[in-house]
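Have a look at the structure below before the remarks.
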Amino acid sequence: MEYDVVIGLEIHAELKTKTKVFCSCKNEFGAKPNANTCPVCTGMPGALPIINRHAVELCIKAGLCFGCSISEYAVMERKNYFYPDLAKAYQISQMVHPICIGGGIELKSGKLMRLNRIHLEEDAGKLTHISRAVGTLVDYNRGGTPLIEIVTEPDFSTAEEVDEFLKRVRESLIYAGIADCKMEEGGMRCDVNLSLKPKGSQVLGTRTEMKNLNSFKSVTRAIEYEIKRQEEILDEGGKIIQETRKWDDAKGKNLSMRTKEQAQDYRYFPDPDILPISISKSDVERIKEEMPMLPEDRRKRYVEEFGLPEYDAAILTSSKYVSDYFEKCVKIFDSPKKISNWIMVDLLKLVKEQEDFVFPISEEDLCEIIKMVEEKIINKTVGLQLLDAVIKTGKKPSVLAKEMNLIVTISEKQILLLLQKLKSENAKVSEDYAKEPQKVVGFIVGYVMKNTAGKANAELVKSLIQKVF
């Protein structure tokens, strides 16, 4: 039997705040276990939470990124369940009155992936399972970290659509300064709700949920595995159980964790310790004015304003750091295409193996080298030598160029002598040039560059070839 795949997502992203969402403990990754805790985030009796205003603003900003409606009235609620990493035995979240409603992202195919909501909540602690003999350790540092949960409608039908959507979400959150989304640190996680139904049927099948997938690759693999697993069960006449399943990336399969809870199982009710959140239109307008240009808008600007090819624009905006670096360079030296070429061809290859890379040369120094090449003070080959020297020594390009004797001009007379020497020693070059000049120009220019240590002006060489040959 053929099936339609129906997928909905729940995406969690840790917000870039200095402190946790309901207390003043530091919000940081990698601290000593249980160092960043207090009576509030460890759920001590009588401790009272105070909501982090900046976290609310970042949630609003996320809503603006994805075209959501911003609620004027939002309520924090208690989501009740017991788990060792949840000290209070309830999570402060939102259900009935979230901060952001609706919205969506249009994929390259033109298909709109709708959002149901974006709401604010707190994260739980972290469990580290040692062994049956030793037991499990609990670190409450992450407990109380502010999260946004982005809940989609069940609009996805392939792993490829999910992958594109998640990458778009991640880059928008990073560009807007909402979250770092470091998936290896748990800064962005995704839960996948997936079901199958007979092809063309309007009746949805029973769904399963896969929890806390924290890489794009694992999301794709988990979806493909779960589709196949459900297909096999249904084809054999079996029934899908509504449950939560845990993905094991090392084994390439998922395992049952527990039966899937319904909303009523959590017994949501308004948190009596936190007043409802009032969001004015002026608040939203102020946040909107503070919004930076998002990657999609930057790509359009690079094509329309800077005249870059779409390929260049896509590469430059694939990282906020690269995009910001490029824009700083353009402000220093107004030659977008030349700067784009140097970044894409020469700088990115230097950092391709690094996770969180930083270019090893400042925008000012790179622009100085590019300008020297464009003004024909040096050629590109020498420019690359200078780039390498600047990276190794940290000295300014102008200083190094003099120290290394790179700005030595090869005279027209010297070039003519070399061309005449080549002509006299290699008659075939003259014959080939007479027949098809374009096929041997590169060879002749290369000969001169080799014999001048790359210091001759290539354009001057090309113009003098005609005089000699």
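If you go through region 31-41 and keep only what is under 20 Å from GLN91 (Cβ atoms) and either free of Cβ contacts under 8 Å to residues at least 40 places away in the same chain or loosely packed, with under 14 Cβ neighbours inside 10 Å (or both), you end up with CYS38, PRO39. The set of residues in region 127-143 being under 28 Å from the mean Cα position of the chain (by Cα) and without any contact (Cβ under 8 Å) to a residue 60 or more places away in the chain consists of LEU127, THR128, ARG142.
Would you check if there is a residue in region 404-415 being in a helix (DSSP H, G or I), in contact with a Lys or Arg (Cβ under 9 Å, 6 or more places away or on another chain) and in contact (Cβ under 8 Å) with a residue 12 or more places away in the chain? No. With respect to being loosely packed, with under 15 Cβ neighbours inside 10 Å, of a type in the set (Phe, Trp, Tyr) and in contact with a Phe, Trp or Tyr (Cβ under 7 Å, 6 or more places away or on another chain), TYR81 fits the description. When the residues of region 1-30 are narrowed to those that are at pLDDT below 95 and of a type in the set (A, V, I, L, M, F, W, C), which ends up surrounded by the fewest Cβ atoms within 10 Å (Cβ to Cβ)? By that ranking, first place goes to MET1. Count of region 297-330 residues, restricted to those that are buried (at least 20 other Cβ atoms within 10 Å of the Cβ), among the hydrophobic types (A, V, I, L, M, F, W, C) and over 15 Å from LEU347 (Cβ atoms), is 2.
Select from region 103-140 the residues that are of a type in the set (D, E, K, R), within 26 Å of MET76 (Cα to Cα) and part of a strand (DSSP E or B) and list them in ascending order. ARG114, ARG117, GLU121, GLU122, LYS126, ASP139 - these are the residues of region 103-140 that are of a type in the set (D, E, K, R), within 26 Å of MET76 (Cα to Cα) and part of a strand (DSSP E or B).
For region 46-102, a residue qualifies if it is aromatic (Phe, Trp, Tyr) and not in a loop (DSSP other than H, G, I, E, B), and the qualifying residues are TYR73, TYR90.
A quick yes/no check of all residues on (1) at pLDDT below 95; (2) surrounded by fewer than 19 Cβ atoms within 10 Å (Cβ to Cβ):
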residue	(1), (2)
ILE101	no, yes
ASP123	no, no
THR136	yes, yes
THR145	no, no
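The values are calculated or read from the model by the stated rules, or taken from the named source; none is laboratory data. Quick caveat: nothing in here was measured; it's all calculated off a predicted structure. Methodologically, a virtual Cβ is constructed for each residue, glycine included, from the backbone with ideal geometry; neighbour enumeration extends over all protein chains shown.
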